[in-house]
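Asks: Right, I'll just put the structure down here and ask away after.
The values are calculated or read from the model by the stated rules, or taken from the named source; none is laboratory data. Remember, predicted model here, so these are calculated numbers, not experimental data. Cβ placement follows ideal geometry from the backbone for every residue including glycine, while neighbour counts extend to all protein chains displayed.
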Amino acid sequence: MNLKSIDENDCIIVARNILKKYDETVAVDGIDLDVRRGEIFGFLGPNGAGKTTTIRILSTLTDFNEGSVLVDGHDILKEPNEAKTKMGIIQQHISLDKDLTVWENMYHRALMQQMPKAQIETRMKELVDYFSMGEYMDRKIDSLSGGWKKRAAIVSAMIHSPKVIFLDEPTVGLDIKARRLLWDLIRLLNKDGTTIFLTTHYIEEAQILCDRVGIIDNGKIVALGTPQELASEIGEYAVVVTDVNGKSEYKYFEDRKSASEYGSGIETGEVLVRKTNLEDCFVELTGRTVES
């Protein structure tokens, strides 16, 4: 999708020509990126593609060599403190103090955000009630399951009412039940007006949750759009031919008629004609799976 078609005034994040090098290695290679207010934006890429580096740059955790980033209109280099008040950050590894309770972690986070003490307990009660955290508030972080640790981290990051939440692979390592519970929490946050920027290893997660998705490979954004737009870029329909050894080959077509005609001409192997999806687009554009 052409960035020029998006009004920057409608965007919570505006990044231009972001370059990040580690010695001679280019981790992020001159990317442009806009994230609209109120959307769930997903960032997909193979391991080492630049996902985590990008999210750390946008959230002020890592510096960069060239470019500019605005968060809610604040330049993160010139107005870092103002930009930080607009964001909440949940990294891959839980940064909460494992020896403190959920309540203590939330209170400590509020003090770090320089919230007036008179407002802290009111805001905490609001969040606890909203996210049904009551029975967990007096439990130490180290005693919680992986899913509830993530939930506690997200709620703590919401203490100062940020406009955008950065989630770096929020459901990695969680079982499917915990993952779906976290999806519900993300949807709830977004419904309440919070913009969500998440990186993920799970294409299904991006397909289900995200309004738009960016695909990054070798430090460059190679595709940007809704899951439906990205899938249709390679063709509306896929023909999957699986041979006797279980190896599959994929062909893509603009319409079902062309796909069916091609499939009917295959004499050996199993043939499946289906709509293309985000995973098809990802593999075609990067030549790799997310895990590779």
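Asks: Within the stretch 46-53, can one find any residue that is in contact with a strand residue (DSSP E or B) (Cβ under 6 Å, 6 or more places away or on another chain), assigned to a loop (DSSP other than H, G, I, E, B) and not charged (D, E, K, R)?
Replies: Yes, some residue in the stretch 46-53 is in contact with a strand residue (DSSP E or B) (Cβ under 6 Å, 6 or more places away or on another chain), assigned to a loop (DSSP other than H, G, I, E, B) and not charged (D, E, K, R).
Asks: So, in the stretch 169-183, exactly how many residues are at pLDDT below 90, not basic (Lys, Arg) and not in a loop (DSSP other than H, G, I, E, B)?
Replies: The total comes to 4.
Asks: Give me a count of the residues in the stretch 221-271 that are small (Gly, Ala, Ser) and either surrounded by fewer than 14 Cβ atoms within 10 Å (Cβ to Cβ) or part of a strand (DSSP E or B) (or both).
Replies: The qualifying residues number 7.
Asks: Return the residue satisfying two criteria in turn: it lies in the stretch 85-111 and is within 21 Å of Val164 (Cβ to Cβ) and among the hydroxyl-bearing types (Ser, Thr, Tyr), and of such residues it is surrounded by the most Cβ atoms within 10 Å (Cβ to Cβ).
Replies: Ranking the candidates gives Thr85 first.
Asks: Still on this model: Please indicate, with yes or no, whether at least one residue in the stretch 150-164 is free of Cβ contacts under 8 Å to residues at least 60 places away in the same chain, of a type in the set (Ser, Thr, Tyr) and closer than 26 Å to Asp72 by Cβ.
Replies: Yes.
Asks: Name the residues in the stretch 196-213 that are in a strand (DSSP E or B) and over 23 Å from His93 (Cβ atoms), would you?
Replies: Within the stretch 196-213, Arg212, Val213 qualify.
Asks: Also: Test Lys117 against the criterion of being free of Cβ contacts under 8 Å to residues at least 40 places away in the same chain and either outside the structural domain of Asp184 (by TED's automatic domain parsing) or more than 24 Å from Ile196 (Cα to Cα) (or both), and give yes or no.
Replies: Answer is yes for this residue.
Conditions tested, residue by residue: (1) on the phi > 0 side of the Ramachandran plot; (2) surrounded by fewer than 18 Cβ atoms within 10 Å (Cβ to Cβ); (3) in contact (Cβ under 8 Å) with a residue 12 or more places away in the chain.
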site	(1), (2), (3)
Phe43	no, no, yes
Pro46	no, no, yes
Thr53	no, no, yes
Phe64	no, no, yes
Asp72	yes, no, yes
Lys78	no, yes, no
